[in-house]
Amino acid sequence: MIKITLPDGSIKEFEKGTTPMEVAKSISEGLARNVISAKFNDSTVETTTPLNVDGNLVLFTWNDDEGKKAFWHSSSHVMAQAIQELYPGVKLTIGPAIERGFYYDIDFGEQKISENDFKQIEDKILEISRGKHNFQLREVSKQDALDFYKKENNDFKVELIENLRDGEITFCDHSTFTDLCRGGHIPNTGIIKAVKLTSVAGAYWRGDEKNPQLTRVYGISFPKQKDLKEYLELLEEAKRRDHRKLGKELELFTFSQKVGQGLPLWLPKGAALRERLENFLKKAQKQAGYEMVVSPHIALKELYVTSGHFAKYGEDSFQPIKTPNEGEEFMLKPMNCPHHCEMFNASSWSYRDLPKRFAEFGTVYRYEQSGELHGLTRVRGFTQDDAHIFCTPDQLDQEFKNVIDLTLYVFQSLGFEDFITQVSLRDPDNKDKYIGSDDVWEKAENAIISAAEEKGLNYKVETGEAAFYGPKLDFMVKDALGRQWQLGTIQVDYNLPQRFELSYKGSDNESHTPVMIHRAPFGSMERFVAILLEHTGGNFPLWLMPEQAIILSLSEKYEKYSQKVLSLLEKYEIRALVDHRNETIGKKIREAEMNKYPFMLIVGEQEAQDGTVSVRRHSEGDLGTMQVEEFANLINTEINSTLKPFKTEV
């Protein structure tokens, strides 16, 4: 007999060889009908995997992220089979589940595929699914696996297998289809009831431009047709909210091929929006004891060699810039932290001077692959709301919690209410990816977990997601469409202070190395604005809007009064403009609605006589007639209710 511990802490005894599905049936038939994947002792298993030792079992349904992952991974297998049958001779590579759906990278050879072919492939997927074929995982020897794919003439799979060891290679079979796979599948294809291929794109094998280009086919699937219908409606809403579309319509930013891919140009309205975001955070940072600094856009390559960025990020950076001086090389700044370390090094410090909190809106540069660039969310030049706190080990806990408070304040002020946090730890099986000793990593990881627990954060732990110099706490925010984004981040670093030989004099009059906290509540200004645009649909919080009101005159006769209203609003620090065009008031209102002005102030003969304005609110309609002072109070009351001052103990 074996003992199985369930998530509620209950322990049940079963015969050796019992499967997760049989455990589910022992609980209830209803649960068994809904279980689609499982995890045993923190390892993904099939629902048909025999359990032969005591352990912890978690059963997943479609409502769980792990359940969706298994569902979509299994769907990628079915899509691969469908494409293989429709396009004989294609070579399959990899087909993982992603956050929403799945993809498969395929070498089509001389054959072509486009969106016009999607319907045929979808029909084939559903035809295969209706066969209710079981997914069966089996171990194969390395030699047998190599022989199988050499016979298939698939060099991609052969390359993958050559990097694996005997005893860790498995194939997954369903219907007449076999694929190299680690596991994590639904019980059978029949659970897949609805599917939609969403796009097709180019992708280099293993993400390397030197390798062959493949065709990446994206798709998504569901256990009910109703779920697909809801998803497609969400997709249409996402298209309407696409930040690239809204950014153009609202005249916030643009791109130019002559300037270069991935290098955004901020137009006047966008620049003003950024400035308001910066000033908002600067004000809170000042309250929290930060000092603003400025560092250059380039530095000697040696700076990033010292920090470790050149070794870890060199391939993703712009290549070194050679100067006329022999052997002298500069680099575009990939990170702000080495510069801040040198600023700390410029002075002598006592423990009484700490913590020192250096903040900067610093622009950095990364050479993202052209195929991965996407509007403002993936660019080659971006500005981080970066800060680095240098503190004593005793101050670390409080400083980390203060940064959590600041990040939560930012989210609350901008309407991001649905989020979780992720504690990203080092991969203990791949320590070469990181710098620093086991001791400092253990201290840093424990500090983050302790602060997250004390603050009562809803957090999950992800191993292998740490930065190369330290663990981090990432804030994963859900937007209005239910999509999850990684925004703010806080990192604990014992390593860079050692590499830069930072020091302070302690109370014992001896020299000590400070601890460093990296933090960026926005993450990057570009990505944050993109996500905020899509979250709000361009209807930013009132305090952030480029213009908070537009004055619409019924005719040119009221131009003078319109200017008077504008001047009064400016005295109340309300951003407004006047639409003087010789157009009908109906057209002016429609265009003001399209341009998302929060308030429309209509002025005509009656308003000019009474010194009032007729107020309309975006997407709500008429609010009635008001004195200008009354309208100003309305706006300022709303702003003050959402944008409260940041309070912290420094």
In the chain the cysteines whose Cβ sits 4.7 Å or more from every other Cys Cβ are CYS337, CYS341, CYS391
What size of dipole, in debye to the nearest 20, comes out for the chain about its Cα centre when the only charges are +1 on Lys and Arg C-beta atoms and -1 on Asp and Glu C-beta atoms? 1220
Picking from ILE94, ILE602, GLY289, whose Cα lies most toward the positive end of the charge dipole for the chain (charges on Cβ: Lys, Arg +1; Asp, Glu -1)? ILE602
Strictly over 26 Å apart at the Cα level, which of LYS229/LYS478; LYS119/LYS248; LYS431/LYS460 would you flag in this model? LYS119/LYS248
Dipole of the stretch 289-536 (Lys/Arg Cβ +1, Asp/Glu Cβ -1, origin at the Cα centre): which of ASN430, LEU502, LEU414 lies farthest to the positive side? LEU414
Which lysines, on any chain, are close to LYS150 with Cα under 19 Å apart, when same-chain ones fewer than 8 places away are left out? LYS91, LYS142
What residues of the stretch 280-317 lie in the reach of a label at GLU326, counting those whose backbone N is under 20 Å from a point 7 Å from the Cα along Cα→Cβ? 301-302
Can you tell which of SER175, LEU164, ASN153 lies farthest toward the positive end of the dipole of the stretch 117-186, using +1 and -1 charges on the Cβ of basic and acidic side chains (Lys, Arg; Asp, Glu)? SER175
Could you pull out the pairs from LYS132/LYS224; LYS564/LYS596; LYS269/LYS596; LYS401/LYS472; LYS312/LYS472; LYS322/LYS433 whose alpha carbons sit more than 19 Å apart here? LYS564/LYS596; LYS322/LYS433
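None of the figures in this text is laboratory data; all of them are computed from the coordinates on show. None of the values given here were measured: they were computed from a predicted structure. No Cβ is skipped: glycine too gets one built from the backbone with ideal geometry, and neighbour counts run over all protein chains shown.
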